[in-house]
Amino acid sequence: MEKLIKEVGKVVVGYEDVIELLAVALIAKGHVLIEGVPGIAKTTIAKAFAKALGLSFSRIQLTPDLMPADITGSVYFDAKTSEFKFRKGPIFANIVLADEINRAMPKTQSALLEAMQERQVTVEGVTYKLPEPFMVIATMNPVESEGVYKLPEAQLDRFMLRIRLEYLSPEKEMEFLRRKSENSYGEVESVELDLNSKFVKVSDKILEYIHRIAIETRMDKRLLLGASPRAMEHLLIASKSLATVRKRDYVIPDDVKYLAKFVLPHRLIVNPEFEIDGLKADEVVEEILKRVEVPK
């Protein structure tokens with residue numbers, strides 16, 4: 001993990017925690033939604049992450065006129081062989097960056113659903129398996145409201161983690177400017193990452209802790225929709241992956257507590273009467289984590 005952060009750090013300043021979370025999602029076979037304003041290195045992080053792991057990478061710029069076939073691929077007639085052949089779309093890569101996912105029409109967004117959940121695409125009745133490992137990193141601009149479509153809850157639920165990318169600290173931004181000025185960015189080299197977390201142990205106390213957090217979201221009157229069984233499953237799998245990344249063969253409560261802030265909020269719906277007062281799902285999750293007893 002240290003080598004991975006070092007290699008990505010050759011082209012990206014800061015965001016070590018984001019690199020770790022991407023590794024967690026990859027090991028857990030999950031997908032990531034990154035929110036951040038333009039120019040904050042979302043694409044650079046995803047591309048450098050894939051290169052550092054020696055994985056294939058593709059970028060899909062989602063626009064209102066993008067069609068599902070532009071993502072999955074299409075069937076064409078080969079005049080030389082007089083046969084119909086399948087031309088693979090950009091979804092056929094290990095790491096797929098779906099840039100500005102909320103700019104695409106719902107029909108096009110839905111083309112990603114089968115790929116994200118089933119790790120396959122179906123074109124003209126024929127199913128094609130996607131490469132392994134496979135992870136979608138989608139990006140959203142949180143400040144734009146025109147020319148964008150709301151992501152349906154079913155699609156949001158497919159993302160294991162939602163990460164909010166903030167501006168770097170003043171010190172890191174100065175380092176960024178110095179490296180740009182001196183043109184001192186290096187070439188990313190491949191490193192190996194252990195993608196196996198099945199040997200990580202999870203005690204009943206940890207399982208009860210995850211379950212209790214989920215139950216609290218369902219009982220909270222400020223929420224219209226609480227955590228689903230899939231949300232619990234994702235929190236569990238992500239916690240095992242984080243333990244792997246941090247060189248442990250067991251999950252501790254801090255793993256769950258840390259990841260809950262990335263796994264749960266985007267799946268929860270705040271009751272309109274509280275939402276109008278500015279209440280965010282992130283705040284509710286923070287409060288729940290404070291009041292649910294941590295196992296010892």
For region 209-219, how many residues meet the condition of being exposed (fewer than 13 other Cβ atoms within 10 Å of the Cβ) and either in contact (Cβ under 8 Å) with a residue 24 or more places away in the chain or β-branched (Val, Ile, Thr) (or both)?
-> 0
Options LEU21, LEU26; residue that is farther than 26 Å from LYS88 by Cβ and crowded, with 20+ Cβ neighbours inside 10 Å | LEU21
Among the candidates LEU225, LEU236, LEU279, residue that is at pLDDT 95 or above and either surrounded by 14 or more Cβ atoms within 10 Å (Cβ to Cβ) or not hydroxyl-bearing (Ser, Thr, Tyr) (or both) = LEU236
Helices (runs of 4 or more DSSP H) (entirely within region 204-293) containing at least 2 residues that are more than 22 Å from VAL32 (Cβ to Cβ) | 204-219, 272-275, 281-291
Residues satisfying the stated conditions in region 44-96, i.e. part of a strand (DSSP E or B), farther than 20 Å from LEU22 by Cα and small (Gly, Ala, Ser) = GLY73, SER74
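Conditions tested, residue by residue: (1) in the same structural domain as MET140 (by TED's automatic domain parsing); (2) at pLDDT below 85; (3) not aromatic (Phe, Trp, Tyr).
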{"position": "VAL37", "(1), (2), (3)": "yes, yes, yes"}
{"position": "THR44", "(1), (2), (3)": "yes, no, yes"}
{"position": "ALA50", "(1), (2), (3)": "yes, no, yes"}
{"position": "SER58", "(1), (2), (3)": "yes, no, yes"}
{"position": "LEU62", "(1), (2), (3)": "yes, no, yes"}
{"position": "GLY73", "(1), (2), (3)": "yes, no, yes"}
{"position": "PHE77", "(1), (2), (3)": "yes, yes, no"}
{"position": "GLU100", "(1), (2), (3)": "yes, no, yes"}
What residue, among those in region 57-99 that are among the hydroxyl-bearing types (Ser, Thr, Tyr) and touching a Gly at 6+ places or on another chain (Cβ under 8 Å), is farthest from VAL121 (Cα to Cα)?
-> SER74
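The values are calculated or read from the model by the stated rules, or taken from the named source; none is laboratory data. Everything quoted here is computed from the prediction, not taken from an experiment. So basically every Cβ, Gly included, is an ideal-geometry build from the backbone, and we count neighbours across all protein chains shown.
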